[in-house]
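Coordinate-derived values only; no laboratory data. All values reported here derive from a predicted model rather than from experimental measurement. Because the Cβ atoms are built from the backbone with ideal geometry, glycine has one as well, and the counts that use them run over all protein chains shown.
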Amino acid sequence: MVALSGTRAIGALLMRRWWGAVDFEPSWRGAAFLLGLIVVLSVAVIGGGLFGLAGTSWQGLGWRRERLGREIVRGLLAAILLGLITLAFAVIGTRLLGLKPPQPAAGAATVSAASVLLSVAFGFLVASWSEENVFRGYLQPLFISRYGLGPGIVLQAALFSVAHLGYYQAWPYFVLAFIHGLVFGWLCGRDGSLVAPFVAHGLLG
């Protein structure tokens, strides 16, 4: 988790410095930055941390083929639910609390095939891939084995929210991340597959 949070914090600082926001522009530089994040997170966090130090496996993290179609549908439905919750938070935050929504990078404001492709790649291959493996794949089963199902899901959701330091600037966004973590944790459950939370997280990422 330390490696993941550190990588994310450094990434956020670089994105703010280069593009003025926690976002990336649809360019070759943005694509190269995204590719670098994927490699670092996969090798350092998942390969070195979860496999090398923790001694886990793909199966142990929750990557299973059983009930694949059902898990994908559950992920799609959860993404719709969380999308509505996120929209409600955005309305409450901007209209009632006077918060400014996160500002995209200058080049990211233009909708194009490249920007859509980069957004999908970031959502699934960076945010969902790394965070689901760490929080729902590794930490949640560890917490559940020690404290039980409910407390285990709550604990990983709390850490998931804290891990977004540097990306969010106002407390309501951390509450929203906590809610997302609860839903992702519920999708995974005690012995469940990571497919459903991976799909839901990737679509929201």
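Extending 7 Å from Cα along the Cβ direction at ILE38 and again at LEU97 yields two label points whose distance is 3.3 nm. Footprinting exposure proxy ranking of GLU132, GLU66, GLU71, fewest other C-beta atoms within 10 angstrom first, gives GLU66, GLU71, GLU132. Karplus-based coupling profile of segment 193-198, in residue order and whole Hz: 7, 7, 4, 4, x, 5, with θ = phi - 60° in 6.51 cos²θ - 1.76 cosθ + 1.60 and x standing for Gly or Pro.
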